[in-house]
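K.L.:
Quick one: structure below, then a few questions.
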Protein chains: 2
Amino acid sequence: MKPYADRLAAAIERCGNPCLIGLDPHIDLLPEEFAIARDRSAPRAVRARAIGDFCLEIVALCRGRVPAVKPQSAFFEVFGADGAAQWERVVAAAHAADLLVIGDVKRGDIASTAAAYATAFLEGVGGDDPTLCDAVTLSPFLGADSIEPFLAACQRTGTGIYVLVRTSNKGSADFQRHGEPELSLRIADKVVAWGQSLRGASGWSSIGAVVGATHAAELRMFRERMPNTPLLLPGYGAQGAGAADIVDAFRNATGATQLAGALVNSSRGVLFAERDAAHKGKAWRTASRDALEHMIADITRALGVVGAAR
Amino acid sequence: MKPYADRLAAAIERCGNPCLIGLDPHIDLLPEEFAIARDRSAPRAVRARAIGDFCLEIVALCRGRVPAVKPQSAFFEVFGADGAAQWERVVAAAHAADLLVIGDVKRGDIASTAAAYATAFLEGVGGDDPTLCDAVTLSPFLGADSIEPFLAACQRTGTGIYVLVRTSNKGSADFQRHGEPELSLRIADKVVAWGQSLRGASGWSSIGAVVGATHAAELRMFRERMPNTPLLLPGYGAQGAGAADIVDAFRNATGATQLAGALVNSSRGVLFAERDAAHKGKAWRTASRDALEHMIADITRALGVVGAAR
């Protein structure tokens, strides 16, 4: 398969926007139609199926409109093996809808275990497996030897990773800003080094970084420090960041906009749009579709690219 | 349920040793009897079942001999939903064998996602669930707000967590020793603070810390800094640490040995003992049982406690 970096750049180009939709099927927030997921007396497999059904509807909304989706492992794991089966169903459906799949798993472990996680999410244990991801998020806390098995897997399979550098939550400052220079910068430099041998024809690397859009003032610095690293920006929408906050993540050294430089993620803002005052009274599908289109228009306008609005 | 801290102390007391067996069913290392796990042409469910069968044999060996087992999520996740079903089977079997179960999952995410992980592993989505763990390992990289949902879950359910403070691998120095004071110390102080409100009648907290036994010179310092924190010490055996390296983790300020102060983990050294020269020629079960008994004798001797050897 072509390197993840190039497949990502092509998908962003094709869609004309860098929007990423997080598939976080939080059972407490699901539309009423999927209320069985919350019913503690229903069989677990039935409850799990409801979150899969919901995600498949979101995948259908995303088809042809955005380059990628990002399922969040935790919300599937609440249903154990039944949830894992739905994770696989959702990943396969997203691939079938021509969407790149970034598994938001934030794994991180010693090398022998990291190799097993790379097998689980990127490489597979046999045959062509539609339930594998195109990329996964990883926590770098255990150090370089915890990332290296993934670099090897990315080389072999044309997949990618996004290493957590500075997360979007408030508590990210507790440890990620520790030290002088702060830990996030040290990690950023490692991400650049890890990514050197995984540069695609597009110039971008398959080794990306997660930097919260909620830290707008730092985005320019991270962009400059990791010039060939695709960024994944959580925090837009429900977590508080706006379109104006993310533009620096897309500017190269000369100030030109590089649409493939980052993915802007929204999860709750699209999935649970029916709960927002802005969409009051709409059916959930309409609310979510409108929220998705609004996000695309909002981001492309801020970036000054030709709109891809319908 | 009683607090994890007290259930752990009672289990260690009952067994007379603080040995923890890691259930890492690495398919490449499984005894020949389970070779179907490696067979890429076999159905995935059959391959996954083989790792479950193997773990159940190890659980049977551990029954009544050690206080706890630690299944490693990654080695189950390689088989997707089929692996998740085996994870549940192994956790339930370990509970049935009166073993505490520490899920080695090293999760770490923003608060809303962390809450879902706490549900997945500690709290469940409904009813009495034998597939839940007594405790899980967590990565603190995302900060305090990524740990807090677990503290609340531990309070509600009498479960525990082990926060990664200083891992056993070589690469742990890359980021965990960053800054002045080094990041690990800062995390250790947070672990103590998080654990204050979760102290059991035994005096120990349900909030533990992972500190690699491979860093023998640092163990005394970590023990002093976290006096009421149960430690989980990976690195004994295959990773290179010996019994003499771990004794400081069990000494209180007066130098007395506190058996409940730590768990010493071995995974490959017991599971795949047939591969060690010391057990050459033995059937795998005999090799693993002998390795388990050797570990128990080795650790109790080093700690100077009355041996629990058979």
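Every read-out reported here was derived from the displayed coordinates using simple, explicitly stated rules and does not represent laboratory data. Quantities reported herein were computed from a predicted structural model and do not represent experimental measurements. All Cβ positions, even for glycine, are placed from backbone atoms using ideal geometry, and neighbour counts span all protein chains on display.
K.L.:
Determine, for each peptide in A:194-203, B:133-142, B:208-217, the mean count of other beta carbons within 10 angstrom over its residues, then list the peptides with the highest first.
P.N.:
B:133-142, B:208-217, A:194-203
K.L.:
Going by the alpha-carbon gyration tensor, a ≥ b ≥ c the square roots of its eigenvalues, is the protein assembly as shown rounded (a/c under 1.5) or, if a/c is not under 1.5, prolate (a/b greater than b/c) versus oblate? All intermediate terms of the calculation are to be shown ahead of the outcome.
P.N.:
Values: a/c = 1.73, a/b = 1.58, b/c = 1.09.
Cα axes put the protein assembly as shown in the prolate bin.
K.L.:
Taking +1 at the Cβ of each Lys and Arg and -1 at the Cβ of each Asp and Glu, which of B:Cys154, B:Ala84, B:Thr167 sits farthest along the dipole of the range B:56-172 towards its positive end, judged by Cα position relative to the Cα centre?
P.N.:
Farthest along the dipole direction, towards plus: B:Thr167.
K.L.:
Enter the mean number of other protein chain beta carbons within 10 Å of the beta carbon of each residue in A:165-177, as an integer.
P.N.:
6
K.L.:
Mind checking the mean number of beta-carbon atoms from other chains within 10 Å of the Cβ atoms in B:117-125?
P.N.:
Mean partner shielding for this stretch: 5.
K.L.:
Got a sec? How would A:Ile21, A:Ile12 order by Cβ neighbour count within 10 Å, fewest to most?
P.N.:
Placing the least packed residue first, the sequence is A:Ile12, A:Ile21.
K.L.:
Then there is this: Which of the peptides A:32-39, A:176-183 is most tightly packed, and how do the rest follow, judged by the mean count of other Cβ atoms within 10 Å per residue?
P.N.:
A:176-183, A:32-39
K.L.:
At most 12 other Cβ atoms within 10 Å and a DSSP loop assignment: could you name the chymotrypsin sites (Phe, Trp or Tyr not before Pro) in the range B:84-131 that fit?
P.N.:
Taking the range B:84-131 and a limit of 12 other Cβ atoms within 10 Å, no loop chymotrypsin sites (Phe, Trp or Tyr not before Pro) are found.
K.L.:
In addition: For chain B, build the charge dipole from Cβ charges (+1 Lys, Arg; -1 Asp, Glu) around the Cα centre, then report which of B:Ile246, B:Ala50, B:Ala302 sits farthest towards its positive end.
P.N.:
Positive-most Cα among the choices belongs to B:Ala302.
K.L.:
For the cross-link pairs B:Lys170/B:Lys190; B:Lys170/B:Lys280; A:Lys170/B:Lys170; B:Lys106/B:Lys190; A:Lys70/A:Lys170; A:Lys70/B:Lys70, which exceed 19 Å when the distance is taken from alpha carbon to alpha carbon?
P.N.:
Exceeds cut-off: B:Lys170/B:Lys190; B:Lys170/B:Lys280; A:Lys170/B:Lys170; A:Lys70/A:Lys170; A:Lys70/B:Lys70.
K.L.:
Let me ask something else. At what distance in angstrom do the alpha carbon centres of the range B:45-67 and the range A:9-55 lie from each other?
P.N.:
Taking the Cα centre of each part, the range B:45-67 and the range A:9-55 sit 34 Å apart.
K.L.:
Please average, across the residues of B:99-109, the number of beta carbons from any other chain that are within 10 Å of each residue's own beta carbon, and give a whole number.
P.N.:
Mean partner-chain Cβ count within 10 Å for B:99-109: 4.
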